[in-house]
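Below is one structure, written out as structure tokens; the observations come after it.
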Amino acid sequence: PCILLAAVLVLCLVPDDSRAVAPGTAEFIFFDVGQGDASLIRTESGCVLIDTGTNLSEDTLAASLEWLGVRRIDCLILTHAHEDHIGITTYTVGGLCLDVAVPFAEPQSAGNDNSLIVRVRFGETTFLYMGDAEAATEQVLLARLADGDFLDCDGLKLGHHGSDSSSGSAFLRAVSPRYAVASAGGGNSFGHPHARVLADLEALDCTCLRTDASGTVVLVSDGRTLRVGP
């Protein structure tokens, strides 16, 4: 077991057979937890939970995990210390490879730009989770990692719920996702996801899926392609 703060905590998981993941596939699930983040990635042999929503969404998350048959968790990643989330090291879990980036060399604060950045690989498909990272983090990632393949991903969990303070145009072009997910509460007072972000994604021919509009979002990978799940 290992712990990384903002944090990575390794435990263990087994799904119920009736709702088990199909062999050779991975599910990327983004729970509708209101104005917060809670994402599950699972294969037939492993499971990763990234962020856990707010205190108010505890029962919703617990019910969702129970419905899926999740009884144990292999890896829990808390991207930063805000109440709605609570160099690169690499972890492997059930056919998934997780590259975790810490953009700032030293902690600046417990703020959004201290979010861990997680890139998940399953076969040839990749998904980038931005926590609540904003423009400053995006600029660091562009400066340090633009020459590699870290930023070029099939899927993107938008930073800070799709806020205009995140997902800058240059950053979105570098990631060039096929799908983007905005985790936001219905009718939220912050205007998340922002119209500018949505327009930039549309210009990139990227499909944006929103928990505020459609509830829990599921994307499925067979190791080669990524598609919207049932």
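The values are calculated or read from the model by the stated rules, or taken from the named source; none is laboratory data. Given the structure is predicted, the values throughout are model-derived calculations rather than measurements. Ideal geometry is used to build each Cβ from the backbone, glycine not excepted, and the neighbour counts take in all protein chains shown. Ligands, DNA and RNA are stripped out before the accessible areas are found, and what is left, the full protein with its side chains, is counted by its heavy atoms. Shrake-Rupley method; radii C 1.70, N 1.55, O 1.52, S 1.80 Å.
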Legend entry - 5 angstrom amide H check on C208, placed H, neighbours 5+ away: A180
Legend entry - For region 33-50, Karplus couplings with θ = phi - 60° (6.51, -1.76, 1.60), whole Hz, Gly/Pro x: 10, x, 7, x, 10, 7, 10, 10, 10, 9, 10, 5, 10, x, 8, 10, 10, 10
Legend entry - Label of the coordinate-derived value, mean projected area of the Cα convex hull in nm², listed as (1) 13.4; (2) 12.7; (3) 11.2: (3)
Legend entry - Computed over region 30-84: relative contact order in percent, which uses C-alpha pairs under 8 Å that are six or more apart: 37
Inset, instruction - Quick one: which residues, 5 or more positions from V93 or on another chain, have an amide H under 5 Å from its amide H? H modelled 1.01 Å from N in the peptide plane, none for Pro or chain starts. - result: L98
Legend entry - Highest average packing first - 156-163, 62-69, 130-137, Cβ atoms within 10 Å: 156-163, 130-137, 62-69
Legend entry - Around G168: net Lys/Arg minus Asp/Glu count, Cβ-Cβ under 12 Å: -2
Inset, instruction - Report, to the nearest whole %, how much of the accessible area of region 94-230 belongs to carbon and sulfur atoms, 1.4 Å probe, protein only. - result: 49
Inset, instruction - Hey, can you grab everything whose amide H is under 5 Å from the amide H of L76? Only 5+ residues off in sequence or another chain; H modelled, so Pro and N-termini drop out. - result: L9, V10, L11, L49
Inset, instruction - Pop out the ³J(HN,Hα) list for region 173-187 in order, Karplus 6.51 cos²θ - 1.76 cosθ + 1.60 with θ = phi - 60°, rounded to Hz; leave Gly and Pro as x. - result: 5, 5, 6, 6, x, 7, 10, 10, 10, 10, 9, 8, x, x, x
